[in-house]
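To keep things clear, I will list the structure first and then write my remarks on it.
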Amino acid sequence: MKQIDILWVDDEIDLLKPHIIFLEQKNYKVTTCTNGADAIELVDNNNFDIVFLDENMPGISGLETLAEIKQKKTNLPVVMITKSEEEYIMEDAIGSKIADYLIKPVNPNQILLSLKKNLDHSRLISEKTTSNYQQEFRKISMDLAMVNSYEEWADLYKKLVHWELELEDINDTGMLGILESQKSEANSQFFKFIKKNYQDWLTNNDKPTLSHTLFKDYVVPNLSKEQGVLWLVIDNLRYDQYRVLEPFINTHYKKEEEFSYYSILPTATQYARNAIFSGLMPLDMEKMFPNYWKNDTEEGGKNLYESEFLSSQIKRLNLNIQHEYYKILSLKSGKELADNFNGTKQNDLTVVVYNFVDMISHAKTEMEVIKELAGDDKAYRSLTVSWFKNSPLFEIIQKARQLGQKLIITTDHGTINCKNPTKVIGDKNISSNLRYKTGRSLSYEDKDVYAVKNPKDIFLPSVAINSPFIFTKEDLFFAYPNNFNHFVKYYKNTYQHGGISLEEMIIPCAVYTPK
């Protein structure tokens, strides 16, 4: 193991001899000097691992020395040591990106702790995270054998995502591989659970919040005449993506409540998002609003009437509120809304549907550069963060906070990275989605799908007589036997939705109040 090389800068360095001996006995190499000018020269000519820097020295001050060191070696950790507890000195030092701040007199163990925090930080976190996951692995395995309710499945999925993000941070590929196996096993069990329970949810009282009850269950209770609400529906946002966006939201908002709800089947925009805004299942939408509803096989846009659906639901629930609905499909329309967002301050409810994440997943299928940028879930999350930080959406959230609006963030469904094909055959009019199919003369692998022979059983309209719905499981996608290999090569490792997986069905919703 490489010896750690420390530079210690203090005009009273001789008084620190006991500390230096203590560190040398711990196998640290310590170079000393008594002023800022010498420190800057030493940093220039040596490759130190860390600098301990006295703040109050004659000649060049500690803060001035810090600025010079940071200009020369941006990533070199510098620990500021000072007698002063004045706030402005702390703020200057922190603003200059110091690694730590110690108040004199310091004892040897404080120095050792600072070294471990800054230099052994990654290793210590890595070892602890790996150890914690190994313990949790056994518990998750036991939970998987026992889980039998929608609440338990939501908790288990959140736990799996938590460990995925933790292990990803320490880049432990071995442990991530084990976690991937657990996620696969979880999705296999989850498919059986949905197949067994989904139809009952639609008629029983004991059921999770579903797409068509989300507005009534969670948005309506948060409406008030005293405070406007911004309800943000980010299309196609999985729970793991929400988790990595959350730190940016937390700089402006405080989370009041977070919960998971379940997307209806198919986990596709025309079904799930229309259900959210109408408060109805698709079969009821077709009956009550034949002019608004289009089936899979019909021409034309399938989500053109969300605003009308929402207005009808508000009327049906007898809500006396002023509301506006916006759908953002481009950077230009996002910027326009951000620029004019103050105009929403009179609203009790402002609804914004933002379509960017869905565009990433579709672009990944079509564009080679996006395929490379979002090659796996980690990269997909990273791309989502890069977009969000610089998007009009983040600006809209900040404007909402300035207006004192409450914030509700959710999505319509998630998405899954599809890795394995399953064959399907049907007539030329079957639907095109890769995770579910409907139409006549469907032939498929029974073990790979949840088949609903009569769509009305799960409140879906029939596109024709004898047109079942089939939903595929885990990370499968439907492929036609004709030109099979070309089709598989094109769609393998792309993000799709419409089927049954934890990622597609268990989706986040969170309520925030302005900071």
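Laboratory data are not the source of any read-out in this text; all were calculated from the coordinates shown. What you are looking at is a predicted structure, and each value in this text was computed from that prediction instead of being measured. Cβ: placed from backbone, ideal geometry, glycine included. Neighbour counts: every protein chain shown.
On the beta carbon distance between K423 and M142, with R0 = 22 Å, the FRET formula returns roughly 0.05. Summed over qualifying helices (DSSP H, 4 residues or more, each -39500 (n - 2.57)) and divided by its residue number, the chain shows a 222 nm mean residue ellipticity of -14000 deg cm²/dmol. Cross-link partners for K26 among the lysines, with Cα-Cα distance under 25 Å and sequence neighbours closer than 8 places in the same chain left out: K2, K17, K104, K116, K117, K128. Summing charges over neighbours of L16, with a neighbour being any other residue whose Cβ is under 13 Å away from its Cβ, gives -4 when K and R count +1 and D and E count -1. Cβ crowding within 10 Å ranks M281, M288, M505, M146 as M146, M288, M281, M505, fewest other Cβ atoms first.
What is the distance in Å between the Cα centroid of the stretch 378-405 and that of the stretch 150-217? Distance between centres, Cα-based: 25 Å.
Measuring nothing but alpha carbons in the stretch 122-201 and taking Rh as the Kirkwood radius, the Rg to Rh ratio lands at 1.05. Computed from label points 7 Å out along Cα-Cβ, the spacing between E152 and E185 is 1.6 nm. Pairs of Cα atoms nearer than 8 Å and 6+ residues apart set the relative contact order; for the chain it is 16 percent. Each residue in M142, M80 was given a count of other beta-carbon atoms within 10 angstrom of its own, and listing them fewest first yields M142, M80. Which of the aspartates and glutamates could a cross-linker bridge to K406, judged by Cα under 13 Å and excluding same-chain residues fewer than eight apart? Straight-distance partners of K406: E226, E256, E257, D348. Maximal additional length on extending the E24-K72 stretch stands at 14.6 nm, based on 0.36 nm per residue less the C-alpha distance.
Counting neighbouring beta carbons within 10 Å and listing from fewest to most, the residues C418, C33 come out as C33, C418.
Dipole orientation for the stretch 261-327: of the candidates N303, S263, P290, S263 has the Cα lying most toward the positive pole (charges on Cβ; Lys, Arg +1; Asp, Glu -1). Excluding same-chain neighbours fewer than eight residues apart, the aspartates and glutamates reachable from K72 by a Cα-Cα span under 12 Å are E41, D44. Screening the chain for whole DSSP H helices with an alpha carbon extent of at least 27 angstrom along the helix axis and a mean Kyte-Doolittle hydropathy of at least -1.0 yields 121-146, 150-170, 173-201.
Identify, among A154, Y242, I178, the residue whose Cα sits farthest towards the positive end of the charge dipole of the stretch 142-242, taking +1 on the Cβ of Lys and Arg and -1 on the Cβ of Asp and Glu, with the dipole about the Cα centre. The one lying farthest along the dipole's positive direction is A154. For the chain, the residue among N46, L280, S211 whose Cα projects farthest onto the positive side of the dipole built from Cβ charges is L280.
I'd like the distance separating the alpha-carbon centroids of the stretch 1-74 and the stretch 268-315, in whole Å. So the separation of the two Cα centres works out to 67 Å.
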